[in-house]
Amino acid sequence: MTNAHCARWLLAGALLLGDAATAQRAFDTDILRETFGYDDGSRRTVDLSELQQGCPARDCIPSIDDPVFVPAGEASHVAADDPVIAVDLGGVQRAYPTAILDQHEIVNDRIGDTPLAITWCPLCGSAVGVDRRVAGAVTEFGVSGLLFNSDLVLYDRATGTLWDQIEATGIVGPLTGERLALVPVSLVRFGDWAEAHPGTEVLSTDTGFADRDYQRDYYAKYRASDALMFPVSRTSDRLPPKARVYGFLLPQGALALSQAALDEANPLGVERFGREYSARRDVDGSVRLTDVSDGSSYAPIPLFWFAWYTFHPETELVR
């Protein structure tokens, strides 16, 4: 089975999503044990039974390793209302359409001296940027074919360590317990980003996979439903499962700010952990949280509520 066929096989699950979570499927290859060689004796921080196999093989959803960019004015494949993962690093602005990332989930990129990976989990609606320097060397990240609490599990091609995307932490393998350095990213409307940053570069559809239809929204039905495709360890009814939130890891604890709260008040004053914060959405769509007392500023992880709560059940919530 080719990578393209594997990717379409997994994406079809989003189209077929019903009212209940999709049952765990059986595959000819056990990725965890047969491909990566991990078992209960391997170094790990999670029970291996918590890792769900989402597709037939490692790299079933192929990463983009040689990204090509076009100027915003030539990005006819992106509409103003389309969501993009945006990064502003060293004076360079780039936008990665989620319509492309739905079918690749990882872009191995470099901006100036920083090798970075833009990662996207359609099931969790989570966008995370990480530095590709691992254990003193630059590596690439790929899609393992595994999921942890419905979240994308990356693997690095240098050590084979499995990394949870939302936590950016090694969960199985040689670098278990290590944390990747984050590169702040935003999930924004392309029109807002391009208007504020007219020089932005946009990931093109020249991905090396000519047979892909990047105009088709494979996950529309999934996003519109409260149902999940894969099980999670805990749930909360404080918000609808796929309500969009901004997750912050602060020195005092975890904080989730609902997108709806910022829609109603911008900037928004927040009192939590005995401190005062100010949350603001800038004109380009990016969100920052500032500690009023000392000026410390924090970038969020944008994602669905169920995903943030699953990993941070102790979180404070501003809604």
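The values are calculated or read from the model by the stated rules, or taken from the named source; none is laboratory data. For clarity, every value in this text was computed on a predicted model and none was experimentally measured. Here the Cβ is made from the backbone with ideal geometry for all residues, glycine too, and neighbour counts use every protein chain on show. Ligands, DNA and RNA are excluded from the accessible area calculation, which covers all protein heavy atoms including side chains. Shrake-Rupley method; radii C 1.70, N 1.55, O 1.52, S 1.80 Å.
Filtered by the rule that a residue be open to solvent by 10 Å² or more (accessible area, probe 1.4 Å) and closer than 18 Å to TYR214 by Cα, segment 102-114 gives ASP102, GLU105. Considering only residues that are of a type in the set (A, V, I, L, M) and surrounded by fewer than 17 Cβ atoms within 10 Å (Cβ to Cβ), which ones fall in segment 58-72? Result: VAL68, VAL70. Here LEU123 qualifies as aliphatic (A, V, I, L, M) and assigned to a loop (DSSP other than H, G, I, E, B). Residues in segment 57-91 that are of a type in the set (A, V, I, L, M) and either in contact with a His (Cβ under 7 Å, 6 or more places away or on another chain) or not in a loop (DSSP other than H, G, I, E, B) (or both): 9 in all. Scan segment 260-276 and tell me whether some residue there is touching a Leu at 6+ places or on another chain (Cβ under 8 Å) and on the phi > 0 side of the Ramachandran plot. Yes, segment 260-276 contains at least one residue that is touching a Leu at 6+ places or on another chain (Cβ under 8 Å) and on the phi > 0 side of the Ramachandran plot. Quick one: in segment 220-263, of everything that is in contact with a Gly (Cβ under 9 Å, 6 or more places away or on another chain) and under 28 Å from ALA79 (Cβ atoms), which residue is most open to solvent (accessible area, probe 1.4 Å)? Taking the candidates together, the pick is ARG223.
Report yes if some residue within segment 275-293 is closer than 28 Å to GLN52 by Cα and of a type outside the set (Asp, Glu); otherwise report no. No, the conditions are met nowhere in segment 275-293.
Please tell me if ASP284 is touching a His at 6+ places or on another chain (Cβ under 7 Å), closer than 24 Å to ASP192 by Cβ and at pLDDT 95 or above. When the stated conditions are applied, ASP284 passes them. From the list ARG244, ARG234, ARG281, the lone residue that is free of Cβ contacts under 8 Å to residues at least 40 places away in the same chain and closer than 26 Å to THR119 by Cβ is ARG281.
When ALA99, ALA117, ALA135, ALA75 are checked against the criterion of being at pLDDT 95 or above, hydrophobic (A, V, I, L, M, F, W, C) and open to solvent by 10 Å² or more (accessible area, probe 1.4 Å), a single residue qualifies: ALA99. Would you say SER297 is open to solvent by 10 Å² or more (accessible area, probe 1.4 Å) and at pLDDT 95 or above? Yes.
If you take the residues of segment 194-219 that are among the aliphatic types (A, V, I, L, M) and at pLDDT 95 or above, which of them is surrounded by the fewest Cβ atoms within 10 Å (Cβ to Cβ)? If we take residues in segment 194-219 being among the aliphatic types (A, V, I, L, M) and at pLDDT 95 or above, then ALA196 is surrounded by the fewest Cβ atoms within 10 Å (Cβ to Cβ).
Only residues that are farther than 15 Å from SER150 by Cβ and under 19 Å from the mean Cα position of the chain (by Cα) were counted in segment 222-239, giving 1. Among the residues of segment 134-147, is any within 20 Å of PRO300 (Cα to Cα) and part of a loop (DSSP other than H, G, I, E, B)? No: zero hits. ALA20 fulfils the conditions (1) at pLDDT 95 or above; (2) open to solvent by 10 Å² or more (accessible area, probe 1.4 Å); (3) part of a loop (DSSP other than H, G, I, E, B) except for a single criterion, (1). Taking interchain pairs and intrachain pairs at least six residues apart, which have beta carbon atoms under 7 angstrom, with the first residue in segment 153-168 and at positive phi and the second modelled with pLDDT of 95 or more? Close Cβ pairs satisfying both conditions: GLY160/PHE36; GLY160/GLY173; ALA168/VAL128; ALA168/VAL130; ALA168/ARG179; ALA168/LEU180; ALA168/LEU182. No other residue among THR315, THR290 is modelled with pLDDT of 95 or more, touching a Ser or Thr at 6+ places or on another chain (Cβ under 6 Å) and either crowded, with 17+ Cβ neighbours inside 10 Å or closer than 25 Å to SER236 by Cα (or both) apart from THR290.
The set of residues in segment 29-56 being outside any helix (DSSP H, G or I), crowded, with 20+ Cβ neighbours inside 10 Å and of a type in the set (A, V, I, L, M) consists of LEU51 alone.
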